[in-house]
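First comes the structure, then the notes that go with it.
The values are calculated or read from the model by the stated rules, or taken from the named source; none is laboratory data. Source: prediction; values computed, not measured. Methodologically, a virtual Cβ is constructed for each residue, glycine included, from the backbone with ideal geometry; neighbour enumeration extends over all protein chains shown. Keep in mind that these areas ignore ligands, DNA and RNA; they rest on the heavy atoms of the full protein, side chains included. Shrake-Rupley method; radii C 1.70, N 1.55, O 1.52, S 1.80 Å.
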Amino acid sequence: MNQLTDTDQRALDAAIAQAQKSRREGGIPIGAALMDSTGTIVALGHNLRVQTGDPTAHAETVCIRNAGRRRDWHTLTMATTLSPCAMCSGTAVLHQIPRIIIGENKSFQGREDWLLSANIELIVLEDERCIALMNQFMTDHPDLWDEDIGVPE
């Protein structure tokens, strides 16, 4: 996969700050940021499923909602702390977001295959901060994690 630029790092840092915000709110520590081609963050989002009771309020989807109506999706980069699930991957494909920075995919591998088949560039970092956030959360709240990713009882 390709090199991480300084602006990419700022987008990932913004996504991590969103994940930490969700954790402080009692939610699932996953965050996302959308960045335009100049390196400007145009939207942020964090997982709000616990906070709002909305099972579709995953970080990437919330971030895209927060971006509002746009015509430049095809020029944006999304940074997310965790590999996007099927719903979030589908949303990125639908909006033709061409590039996604993934903080880590060891604790959960989403539908990266869909993203790649849609010719979306993936940069998987295995960022230690992202890994630590998810590992601690899954240790502390295994039932909530299983509920979020839909693991049957």
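Annotations for the structure displayed:
- Qualifying position, being surrounded by 15 or more Cβ atoms within 10 Å (Cβ to Cβ), out of contact with any Asp or Glu (no Cβ under 9 Å at 6 or more places or on another chain) and assigned to a loop (DSSP other than H, G, I, E, B), among Ala57, Ala43: Ala57
- Unmet requirement for Ser83, which otherwise passes all of (1) open to solvent by less than 10 Å² (accessible area, probe 1.4 Å); (2) closer than 22 Å to Asp6 by Cβ: (2)
- Some residue of segment 87-99 being hydroxyl-bearing (Ser, Thr, Tyr) and under 14 Å from Asp8 (Cβ atoms): no
- Criterion: in a loop (DSSP other than H, G, I, E, B), under 13 Å from the mean Cα position of the chain (by Cα) and surrounded by 13 or more Cβ atoms within 10 Å (Cβ to Cβ) - qualifying residue of Gly110, Gly90: Gly110
- Filtering Ala17, Ala33 for residues that are open to solvent by 30 Å² or more (accessible area, probe 1.4 Å) and either modelled with pLDDT of 95 or more or under 10 Å from the mean Cα position of the chain (by Cα) (or both) leaves a single hit, Ala17.
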